[in-house]
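Visitor: Below you will find the structure I want to go over with you.
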């Protein structure tokens, strides 16, 4: 926490389908903040969250960080100011499931107040409750602020791996070469 920063009374909770509008708006903010805004609009992002975040095997789960009052207050009285989107993966190193943190974001006005730590603590609790063995994530090379934050977490270590991906545009090319 930065000097002079105050802790905000925050609630971190599991996001439900009723929260997808708030989550979509925060995700759009995240895109804009990091200059990684795909050419998408809020209705499309919201539709994708609804399509892929529900059902028997959702593609993701999310936590919301809210401020504006104690946990007992009605949700309408609290404001969502951050989120974590995650899913599970099978980590072959220890042959066990792991939590993969895809995205974590706290609005700039609320940074340095413990919300990122609260989201990470909640992710750790999810991991423990599910008897998974680890949390893994990536950090953009051009985001040293995030890297510094992660380095302050107990036991966080750079795994020495590179993160690769094949985009939708190239999937057919790759599939056709095998």
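Visitor: Under a crude label model (7 Å from the Cα following the beta-carbon direction), how far is residue 167 from residue 13 in nanometres?
Guide: It works out to 3.8 nm between the two label points.
Visitor: Using the alpha-carbon atoms, what tilt in degrees (0 to 90, nearest 10) does helix 115-129 show relative to the longest principal axis of the chain?
Guide: With both axes taken from Cα atoms, the answer is about 60 degrees.
Visitor: In addition: Taking 8 Å as the Cα distance limit and 6 or more residues as the minimum spacing, I'd like the relative contact order of the range 10-177 as a percentage.
Guide: Numbers: 188 pairs, mean separation 29.0, N = 168.
Reported relative contact order: 17 percent.
Visitor: Relative to the compact globular guide of 2.2 N^0.38 Å, what is the alpha carbon radius of gyration of the range 107-178, as a ratio? The partial results should precede the final answer.
Guide: Working: Rg = 16.7 Å, N = 72, 2.2 N^0.38 = 11.2 Å.
Taking N as the residue count of the range 107-178, the ratio is 1.49.
Visitor: Give me the orientation-averaged projected area of the Cα convex hull of the range 10-177, in nm², one decimal. Before the final figure, lay out each step's value.
Guide: Working: hull surface 47.3 nm².
Projected over every direction and averaged, the Cα hull of the range 10-177 covers 11.8 nm².
Visitor: Same structure again: Which value results when the Cα radius of gyration for the range 45-128 is divided by 2.2 N^0.38 Å? Don't skip to the end; give the middle numbers.
Guide: Working: Rg = 14.6 Å, N = 84, 2.2 N^0.38 = 11.8 Å.
Normalised by 2.2 N^0.38 Å, the Cα Rg of the range 45-128 equals 1.23.
Where a number appears in this text, it was derived from the coordinates with a stated rule and is not lab data. Note that this is a predicted model, so its numbers are computed, not measured. Here the Cβ is made from the backbone with ideal geometry for all residues, glycine too, and neighbour counts use every protein chain on show.
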